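> Structure incoming, see below.
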Amino acid sequence: MPISGFPEWLPSQRMIEQYVLDKIRSTFELYGFAPLETRAVEPLDTLLSKGETSKEVYLLRRLQDSGDAAPKSDDQLGLHFDLTVPFARFVTENHGKLQFPFRRYQIQKVWRGERPQEGRYREFLQADIDVVNRDTLPFHFDTEMPLVIGDVFRSLPIPAATILVNNRKVCEGFYRGLGLEDTAQVLRTVDKLDKIGPDKVAALLTETAGATDAQAAACLALAAISSTDGSFADRVRALGVDDPMLDEGLAELLQVVEAAPGLVRAELKIARGLDYYTGTVYETQLQGYERFGSICSGGRYENLASVGNTRFPGVGISIGVSRMLGLLFGQNALTVSRSVPTCVLVALPSDDQRAACDQVASALRRRGIPTEVAPTAAKFGKQIQFADKRGIPYVWFPGEPHTVKDIRSGEQVEVDAATWTPPTADLHPAITGV
């Protein structure tokens, strides 16, 4: 029986997923990101030190570890809830072997014990890119992240994407300028704006961050600012708050917005819930799917990884592949032209001719044409029906001469297995968006 939050795609959906992953991978590599895979588990204290995730971490232990003595904290392992934390750990352990700035992509499953709903799962696939450097990381890498993601999404048959950006320095500087000391708590509270609404956020700010009604109103006014150009900076300054960190954040945010016109929008309510972000933060929405929230997010982190006195600051962004596909599958917004990779079905005239048919199939496969032999020597009409149900476009009839039939048009021609090639568009299943 199905387990809630652990999706299993049908073969046709899995082919779409594989196509999407190939596009993501090839785009990442075009930008010079190198592949990496890290272990699925991390020490529990590492996972719990990176933000409000303690309720979401899955523990890993053996069935027989059920004695009276509780496991020591340094023995406890949890499944990773994102790919940034294990990446930071990998960098600290291998910094002597890496060339900096180090650019990597990582496509792996992650696990979070949250409430399953449409597009939100407990086990899901993420595709991350990050750049880390020793001591300091030039800001131009922050402006590069949306460009990479923009190219990824433009390569896919999906709705147009908008990358929402903010900068933690804008928020923290603004809150400090207001006189609010617990800026981290204010950030976490404002990050709940879309979930609980402005009235409850204002109440929480007074309750948990010690804000006055006027300070809470100012925080909400900042969060309401949104712009596709540099006008957001003037609107922030018009709120009458001064702070050096605020000025620095506005300058950085302006660079990101101006680097990707038409793709990026400054959205000052974006905060991101994880504590390790220190500057730029990203979230991404698909046109028509805004109500489901972000399908791609990330940001800048200065202090996530360090060895002794050496820091490894970084910036990264992560595509929620399962989340995005789950939403699109739910709306039947992606289709595949056939349910199998097969391009050609070699018809089987009789069981004693299977060896000859296998030779035809082998000749076609050697030239990169996905081919299978019919499972039984049924009447040719039934073999054609078998191909049609699976969307296989061509049926090959061995004999003297050999012929191949396009079962969509009915056209049948004489062919040679050593030279015939189908049109490029038919060679592999076509993925289309609705």
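The values are calculated or read from the model by the stated rules, or taken from the named source; none is laboratory data. Values in this document were obtained by computation on a predicted structure and should not be read as measured data. Backbone-built Cβ (ideal geometry, glycine too); neighbour counts: all protein chains shown. Each accessible area value is taken on the protein alone, full model and side chains, heavy atoms only, with ligands, DNA and RNA left out. Shrake-Rupley method; radii C 1.70, N 1.55, O 1.52, S 1.80 Å.
> Among the listed residues GLN76, GLN99, GLN117, identify the single one that is more than 15 Å from the chain's Cα centre (by Cα), open to solvent by 30 Å² or more (accessible area, probe 1.4 Å), at pLDDT 95 or above and not aliphatic (A, V, I, L, M). Reasoning before the result, please.
Working: GLN76 fails: at pLDDT 95 or above; GLN117 fails: at pLDDT 95 or above.
Checking each option against the conditions leaves just GLN99.
> OK, next. What is the residue count in the stretch 151-182 for residues that are of a type in the set (Gly, Ala, Ser) and open to solvent by less than 10 Å² (accessible area, probe 1.4 Å)? Reasoning before the result, please.
Just the residues of the stretch 151-182 that are of a type in the set (Gly, Ala, Ser), to begin with: 155, 160-161, 173, 177, 179.
Narrowing further to those that are open to solvent by less than 10 Å² (accessible area, probe 1.4 Å): 173.
Total meeting the criteria: 1.
> Let me ask something additional. Which one is farthest from the chain's Cα centre (by Cα), of the residues in the stretch 400-434 that are surrounded by 11 or more Cβ atoms within 10 Å (Cβ to Cβ) and small (Gly, Ala, Ser)?
Only one residue tops the list, namely ALA417.
> Got a number for residues in the stretch 183-197 being open to solvent by 70 Å² or more (accessible area, probe 1.4 Å) and either touching a residue at least 24 places away in the same chain (Cβ under 8 Å) or over 23 Å from ARG291 (Cβ atoms) (or both)? Give the steps one after another, and end with the answer.
Filtering the stretch 183-197 for residues open to solvent by 70 Å² or more (accessible area, probe 1.4 Å) gives 192, 194-195.
In the following step, the residues that additionally are either touching a residue at least 24 places away in the same chain (Cβ under 8 Å) or over 23 Å from ARG291 (Cβ atoms) (or both) were identified as 194.
Count: 1.
> Another question, if that's okay. Which members of the stretch 300-333 meet the condition of being assigned to a strand (DSSP E or B) and either touching a Gly at 6+ places or on another chain (Cβ under 6 Å) or without any contact (Cβ under 8 Å) to a residue 12 or more places away in the chain (or both)?
Within the stretch 300-333, ARG300, TYR301, GLY316, ILE317, SER318 meet the criteria.
> State which residue pairs qualify: first residue open to solvent by less than 40 Å² (accessible area, probe 1.4 Å) and among the aliphatic types (A, V, I, L, M) and inside the stretch 259-283, second residue modelled with pLDDT under 90 and assigned to a strand (DSSP E or B) in any location, beta carbons under 7 Å apart, and separation of 6 or more residues or different chains.
Within 7 Å, the pairs are LEU274/GLY51.
> Please enumerate the residues belonging to the stretch 20-57 that are at pLDDT 90 or above, open to solvent by less than 70 Å² (accessible area, probe 1.4 Å) and either over 30 Å from GLN99 (Cα atoms) or not in a helix (DSSP H, G or I) (or both).
TYR31, GLY32, PHE33, ALA34, LEU36, THR38, ALA40, VAL41, GLU42, PRO43, VAL57 - these are the residues of the stretch 20-57 that are at pLDDT 90 or above, open to solvent by less than 70 Å² (accessible area, probe 1.4 Å) and either over 30 Å from GLN99 (Cα atoms) or not in a helix (DSSP H, G or I) (or both).
> Go through the stretch 127-146 and report how many residues are open to solvent by 40 Å² or more (accessible area, probe 1.4 Å) and in contact with a helix residue (DSSP H, G or I) (Cβ under 7 Å, 6 or more places away or on another chain).
The total comes to 0.
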